[in-house]
Structures are given as C-alpha cells and as structure tokens.
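Everything below concerns the one structure shown next.
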Amino acid sequence: MKSFIVCFLFLLLAGCCKVYCDGTELTVSFEKFKARETDTVLFVSYVPNTGHTQVVNSFRIAAPVSPSDTSRSAVVQSLSSSYDWQVTLPSANKQFLLENFELTTEKCNCGGKKYKAIRSFAVNGSRKEGLFIALE
C-alpha cells in the first residue's frame, strides 16, 4: 500500500506542468565585442514615451579584464520591457537605445494561461522581433 501511494504521488507530480511562461524580459548579449570592450556596461532605464528624460534606475556591470585579453564578451543581461533602455559601452564608445516595446498576448503551452510576450522593439531606431538581441 505504501509503494502504491508513493507511485501515485510520483505520477501526480510528474504530470504537473513545470513551465514558467513570461515573455516580458529581453535578453541582451554582445556580439563581435572583445571582453575588454565590455569590461564596463552601463544600463539606464527610462519611463517609456518621455523622450528619455525621466530616469527610473541605472546599474552597471563591471569586470576586471586585462588589456591584453582577446577573448569574446560573455556579458548577457535581461531587461524589462516595461522601460526604455540606454545601454552604454564606454570602452568601445558605443551606445544602444532599446525602446518602443510592443507586447502580445500568448497562451502558455503548459496549463493554457495567458501571458504577455515581447513581439517587437526598436534598437537605435531599427525594428527587431523576439525575446533576444545580440548587440554588435
């Protein structure tokens, strides 16, 4: 009887959906940059549709990288689509503006609940689609 209960609980839990459906985060990575060019990355969030005048928050990712390091950048960061973002790479003298996030309603494959997902967004004025962007 004890083994029957254990098997029943196992089947019950194994059949449960373990997927978290949320598509409101944009994953940003840096392609074609050396590690030393992304040793410091500054992220500034703005209230959307304010012309980037109302700062919400900012943070920076900093890592010690030797000037002779020729490896590729490994920086990856998730950003909320609730804000416009300015991403600055001081070492590479580059700046990216991520804005105008357009969301859509999707249905989760597991459980059928509805959730919001990023349909498209603009990077320096150019329209992109998806939940991932590799900045170059």
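Is it the case, given these coordinates, that S81 is surrounded by 14 or more Cβ atoms within 10 Å (Cβ to Cβ), under 28 Å from C21 (Cα atoms) and of a type in the set (G, A, S)? Yes.
Restricting attention to segment 84-105, the residues that are open to solvent by 80 Å² or more (accessible area, probe 1.4 Å) and either part of a strand (DSSP E or B) or in contact with a Phe, Trp or Tyr (Cβ under 6 Å, 6 or more places away or on another chain) (or both) total 2.
Looking across segment 113-135, just one residue is open to solvent by less than 30 Å² (accessible area, probe 1.4 Å) and at positive phi, and that is G130.
If the requirement is being among the hydroxyl-bearing types (S, T, Y) and not in a strand (DSSP E or B), which of these qualifies: S29, S120, S66?
Values: S29 fails: not in a strand (DSSP E or B); S120 fails: not in a strand (DSSP E or B).
Checking each option against the conditions leaves just S66.
If you go through segment 35-51 and keep only what is in contact with a strand residue (DSSP E or B) (Cβ under 7 Å, 6 or more places away or on another chain) and open to solvent by 40 Å² or more (accessible area, probe 1.4 Å), you end up with E37, L42, V47, P48.
The values are calculated or read from the model by the stated rules, or taken from the named source; none is laboratory data. Just so you know, these numbers come straight off a predicted model, no measurement behind them. Because the Cβ atoms are built from the backbone with ideal geometry, glycine has one as well, and the counts that use them run over all protein chains shown. In case anyone asks, the SASA skips ligands and DNA or RNA and just uses the protein heavy atoms, side chains included. Shrake-Rupley method; radii C 1.70, N 1.55, O 1.52, S 1.80 Å.
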